[in-house]
Amino acid sequence: AKKKRRDEILRLQAAAADFFHHLLLRDRGPDAGEARDYLKMRQLNIEIAREWKLGYAPKEQRQFFHWASQEKFTTEMLVEGGLAAWRDEANHRRGAYGRFRHRLMFPVMDQNGNVIAFSGRILSKDQKGGKYVNSPETPIFNKSRALFGFHKTRRPITKEGHAIICEGQIDLISAVDAGVENMVAPLGTALTEDHAKILRRQCEEVTLCFDSDNAGIKAVEGRRPGAPVT
């Protein structure tokens, strides 16, 4: 039963990634156009969007829930998979809302390339919520053990014997496109002991390359007292 549940959530994530990806590439509306314009501004072309299966989460929730209904995904499954949340935990009859609205979507994949979660970036400065919204923990996703891009960069990291940890998904995608392939990115600047253990199996040296803002500095300096930082 546990395996069946995990398989259903994996199927949901894969289908959602296809849905978001299709909207980014095919939706001709102005909302999806904002996502494509943002990619152009960051010098990321459609070929890169296809390679990383980037997507767009629609602004109108009805579009998302209509898709889910057509695909036979229940609201309960959407909530369990981290794509929706209950409006009232004590009263599910009030329905749910989509976690990702009008965002550029980055599918988070496990080491085998299976979509296990999402990270969504705002497209308008006046949007509510954080700059990035990540999936909550689910039966297939643990933020402290997930590294964005690792399914593509694991072999280059092993070959180099060295991993570079950057702060954001776009930083990683741009670097890999430029030929620097031994990189990973945690979801945010929270680098955990589990992340370190995962990387330790592939290499012996890690370089932190976070942004020079307060969050990045705090992430680098927030190691255990006395712990070496390269």
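Taking region 142-163 as the region of interest, how many residues are over 18 Å from the mean Cα position of the chain (by Cα), surrounded by fewer than 22 Cβ atoms within 10 Å (Cβ to Cβ) and outside any helix (DSSP H, G or I)?
Total satisfying the criteria: 2.
Applying the selection to region 32-63, what residues are among the charged types (D, E, K, R), touching a His at 6+ places or on another chain (Cβ under 6 Å) and closer than 21 Å to G129 by Cβ? Let's see the steps before the verdict.
Filtering region 32-63 down to residues among the charged types (D, E, K, R) leaves 34, 36-37, 40, 42, 47, 50-51, 53, 59-60, 62.
Then drop every residue that is not touching a His at 6+ places or on another chain (Cβ under 6 Å), which leaves 53, 59.
Scanning region 32-63 gives a single hit, K59.
Looking only at residues that are over 29 Å from E34 (Cα atoms) and either more than 14 Å from the chain's Cα centre (by Cα) or free of Cβ contacts under 8 Å to residues at least 24 places away in the same chain (or both) in region 112-141, which one is most open to solvent (accessible area, probe 1.4 Å)?
If we take residues in region 112-141 being over 29 Å from E34 (Cα atoms) and either more than 14 Å from the chain's Cα centre (by Cα) or free of Cβ contacts under 8 Å to residues at least 24 places away in the same chain (or both), then N112 is most open to solvent (accessible area, probe 1.4 Å).
Since F100 meets every condition but one in (1) at pLDDT 95 or above; (2) of a type outside the set (D, E); (3) surrounded by fewer than 18 Cβ atoms within 10 Å (Cβ to Cβ); (4) assigned to a loop (DSSP other than H, G, I, E, B), which condition does it not meet?
Here F100 clears every test but (3).
Taking only region 47-62 into account, find how many residues are under 18 Å from R28 (Cβ atoms), at pLDDT 95 or above and either surrounded by fewer than 16 Cβ atoms within 10 Å (Cβ to Cβ) or among the β-branched types (V, I, T) (or both).
Total meeting the criteria: 1.
Could you count how many residues in region 190-199 are closer than 24 Å to R121 by Cα and surrounded by fewer than 17 Cβ atoms within 10 Å (Cβ to Cβ)?
Taking region 190-199 as the starting set, the residues that turn out to be closer than 24 Å to R121 by Cα are 190-192, 195.
After this cut, where a residue has to be surrounded by fewer than 17 Cβ atoms within 10 Å (Cβ to Cβ) as well, the list is 190, 192.
Going through region 190-199 one residue at a time, the tally reaches 2.
Please enumerate the residues belonging to region 169-189 that are open to solvent by less than 10 Å² (accessible area, probe 1.4 Å) and not in a helix (DSSP H, G or I).
The answer is V184, A185, P186, L187.
When the residues of region 26-41 are filtered to those that are among the hydrophobic types (A, V, I, L, M, F, W, C) and over 16 Å from K59 (Cα atoms), which remaining residue is most open to solvent (accessible area, probe 1.4 Å)? Step through it out loud before you land on a result.
Going through region 26-41, the residues among the hydrophobic types (A, V, I, L, M, F, W, C) turn out to be 32, 35, 39, 41.
After this cut, where a residue has to be over 16 Å from K59 (Cα atoms) as well, the list is 39, 41.
Details: L39: 4, M41: 123 Å².
Here the residue is M41.
The values are calculated or read from the model by the stated rules, or taken from the named source; none is laboratory data. On a predicted model such as this, the values are computed, not experimentally measured, just so you know. Because the Cβ atoms are built from the backbone with ideal geometry, glycine has one as well, and the counts that use them run over all protein chains shown. Calculation scope for accessible area: heavy atoms of the full protein, side chains included, ligands and nucleic acids excluded. Shrake-Rupley method; radii C 1.70, N 1.55, O 1.52, S 1.80 Å.
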